[in-house]
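Let me begin by presenting the structure, written as structure tokens, before commenting on it.
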Amino acid sequence: MNTENVRVRFAPSPTGYLHVGGARTALFNYLYAKATGGKFLLRIEDTDRTRFQEDSLKEIFESLRWLGLEWDEGPEKGGDFGPYIQSERLDKYNEHAQMLLDGGHAYKCFCTSERLDQVRKEKEARKEQHGGYDRKCRDLSPVEVQANIDAGMPFVVRLKAPLEGTIAFEDMVRGTIETPVNMVDDTVLLKTDGFPTYHLASVIDDHFMEITHVMRGDEWIASTPRHVLLYKAFGWEAPVFAHLPVILSPTGGKLSKRKGAASVMDYKKGGYLPEALLNFLSLLGWNPGDDRELLNIEEIIEAFTAKKISSKPSVFDEQKLEWMNGQYMENYDPAKLAEEVIPLWKDRGLTVDNVDYAIGVIKLLQVRSKKVTEIAETGDFFFADPIEYNEKQAAKQFTEAVKPALEKLVADFPSISWNKEAIEACIEAVAESLEMKSGKIKPALRLAVTGVGGGPDLIDMFIQLGQDCTVRRIKNASNTIG
Ligand code: GLU
């Protein structure tokens, strides 16, 4: 196998959204391509028409692009090995199914779905481990086959799996995997509707797209022996296989759509940054060989080798993802965050017409937010004066004793320069003149400008809100006292 020019592919079926498990597979393929100077292909496996979902393609493209996993060849991109959508390659599959029939590696099966159900039930009743097809049509004579065709009976094409021995393949992650042939049934390759099954189509495409390494989730391990048989039947060299370890849900069991495997786009909506999600996914079944956890994509590519892919399951730890996201939030470009946050503020009914002002607000909030959505949820007061105050806090902070201090600040603030030192000095001077501690006044000021309490550093907030706005808000608060 020529592994010099690495070509890997991510081959999703458009049957729904791209969930995080799929994204991890895409990422590892991408990383392997980038780390080896190879090519990362995207191929759409849409031959199961019953499960096809129209919107799915758009969502898969959008999710991959949001994560930054741009493909080198594939739909919307082109390349020399297309088309990259399987439903546009049907002739190739049919032609090759015929080659298998001609070579005696496959046969036509006329069994009805009722009969297959019956066979399955009987096998279950006998508790037979191998529940596959009973091979009734495997030895039909050419005359019988022709008679069935002439009678207009629909048929599928099945693989003629060997009846004895074992099938072995090398897995980059797990080493040699051997399967006794009784675990491999006469798999359907071509369906009655003329569409190939996944097995036939993916083997043909991997061959003709010159895929060197097949990296996919380990739920496909059981299918690989069939693929190995197909490569043999065609006389082709098989690619190198690498089955990525299962991802477990924090509550136990395999991560599934039911058990916490949200879509990539749900994480976007939930306020996660693509860089953080990517970093997190890269550590599901891989590590850089040292104890680094925060790595940007360049660092991951630099450290990525298939040798470090683990065969052990990894756990999808939401809390760790949240922590990681918080780390990325701290130093993230505030202008980029603004593109996400401003629409969220607008959705909350706020008027945000000054982007520079919004960026200033984001700078204050991003260091204390774990998610993009948290910025949006905690920043309302920067855009609208409070119309009411948290009742409990108001009762505690807006006291008769503090009122003169607020009034004095309303009088003094307008004439000072609006910077940290001057504001701080003015508050201290007012406190001193009233023989109060500034620590008694500040919580009231905080409530006056926010309406809810909390928030970033008080003086930073004043500066961001601006002199007029700060004075107005303190005045409004002071008016509610007494
Ligand atoms: N279409 C398969 C899927 O949806 C691809 C499996 C493979 O990579 O071979 O996961």
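The values are calculated or read from the model by the stated rules, or taken from the named source; none is laboratory data. Computed from a prediction, not measured in an experiment: that's the story for all the values here. Glycine gets a Cβ as well: all are built from the backbone with ideal geometry, and neighbour counts include every protein chain shown. Just the protein is used for accessible areas: all its heavy atoms, side chains included, with ligands, DNA and RNA removed. Shrake-Rupley method; radii C 1.70, N 1.55, O 1.52, S 1.80 Å.
Counting only protein heavy atoms and a probe of 1.4 Å, the accessible surface of the range 308-385 is 47% carbon and sulfur.
If the Kirkwood radius is taken over C-alpha pairs of the range 391-477, then at 37 °C and 0.692 mPa s the Stokes-Einstein diffusion coefficient equals 258 µm²/s.
Within the full protein context, the accessible area of residue 310 is estimated at about 40 Å² for a probe radius of 1.4 Å.
Principal semi-axes of the equivalent ellipsoid, √(5λ) from the alpha carbon gyration tensor of the range 259-308, are 23, 12, 8 Å from largest down.
Computed with a 1.4 Å probe over protein heavy atoms only, the accessible area of residue 188 comes to about 40 Å². For residue 149, the solvent-accessible surface with a 1.4 Å probe is about 60 Å², rounded to the nearest 10. When the charge dipole of the range 72-129 is built from unit charges on Cβ atoms (+1 for Lys and Arg, -1 for Asp and Glu) and taken about the Cα centre, the candidate among 104, 78, 118 whose Cα reaches farthest toward its positive end is 118. Here's how it looks for residue 244: its modeled amide H is under 5 Å from those of 216, 217, 218, which are all 5 or more places away or on a different chain. In the range 363-482, taking the dipole from charged Cβ atoms about the Cα centre, the farthest positive-side position among 399, 465, 376 is held by 376.
How would 76, 275 line up by accessible area, probe 1.4 Å, largest first? Could the numbers behind the result be given before it?
On the way: 76 130, 275 65 Å².
Correct descending sequence by accessible area is 76, 275.
Taking all protein chains in place and a 1.4 Å probe, what share, in percent, of the accessible surface of the range 38-147 do carbon and sulfur account for? Carbon with sulfur: 47 percent of the solvent-accessible area. Couplings 3J(HN,Hα) of the range 167-180, computed from phi: 10, 10, 8, 8, 10, 4, 8, 10, x, 6, 10, 10, 10, x Hz, in residue order, whole Hz [Karplus 6.51 cos²θ - 1.76 cosθ + 1.60, θ = phi - 60°; x for Gly and Pro]. Surface exposure of the range 266-356, expressed per residue as accessible area with a 1.4 Å probe, stands at 53 Å².
Based on the Cα gyration tensor of the range 107-234, what are the three equivalent ellipsoid semi-axes, each the root of five times an eigenvalue, rounded to whole Å and given largest first?
Working: eigenvalues 153, 74, 33 Å².
Values for the range 107-234, descending: 28, 19, 13 Å.
Here the Kirkwood formula, the inverse mean of 1/r across different C-alpha pairs, assigns the range 86-169 a hydrodynamic radius of 14.8 Å.
Accessible surface computed residue by residue for the range 402-459, with neighbouring protein chains in place and a 1.4 Å probe, gives 45 Å² per residue.
Taking a straight Cα-Cα cut-off under 21 Å and skipping sequence neighbours fewer than 8 places away in the same chain, the lysines within cross-link reach of residue 254 are 312, 320. Cβ distances below 4.7 Å define possible disulfide partners, and in the chain the cysteines left without one are 111, 426, 469. Remark: the range 104-235 carries 50 Å² of accessible area per residue (probe radius 1.4 Å; ligands, DNA and RNA excluded). Ordered by 1.4 Å accessible area with all protein chains kept, 164, 377 run largest first as 164, 377. Here's how it looks for residue 16: its modeled amide H is under 5 Å from those of 53, which are all 5 or more places away or on a different chain. Counting only residues at least eight positions apart within a chain, or on another chain, the lysines with an alpha carbon under 24 Å from that of residue 440 are 392, 396, 403, 408, 420, 475.
Sort 71, 66 by heavy-atom solvent-accessible area, probe 1.4 angstrom, most to least.
Working: 71 0, 66 45 Å².
Result, largest first: 66, 71.
Note on residue 92: lysines with a C-alpha under 29 Å away, same-chain residues under 8 apart excluded, are 39, 58, 77, 108, 136, 160, 191, 232. Dipole magnitude for the chain: about 1180 debye, using +1 per Lys or Arg Cβ and -1 per Asp or Glu Cβ, origin at the Cα centre. Orientation-averaged projection of the range 1-122 equals 10.8 nm² [convex hull of Cα atoms, one quarter of hull surface area].
Taking amide H as placed 1.01 Å from N in the peptide plane, the amide H of residue 9 sits under 5 Å from that of 41, 215, each at least 5 places away or on another chain. Quick one: Debye curve from the alpha-carbon atoms of the chain only, equal weights, vacuum; give me log10 I(q)/I(0) at q = 0.07, 0.08, 0.09, 0.13 Å⁻¹ to two decimals. These q points yield log10 I(q)/I(0) values of -0.55, -0.65, -0.74, -1.18. Using alpha carbons only, how many angstrom separate the centre of the range 221-249 from the centre of the range 97-146? A separation of 23 Å, based on Cα centres.
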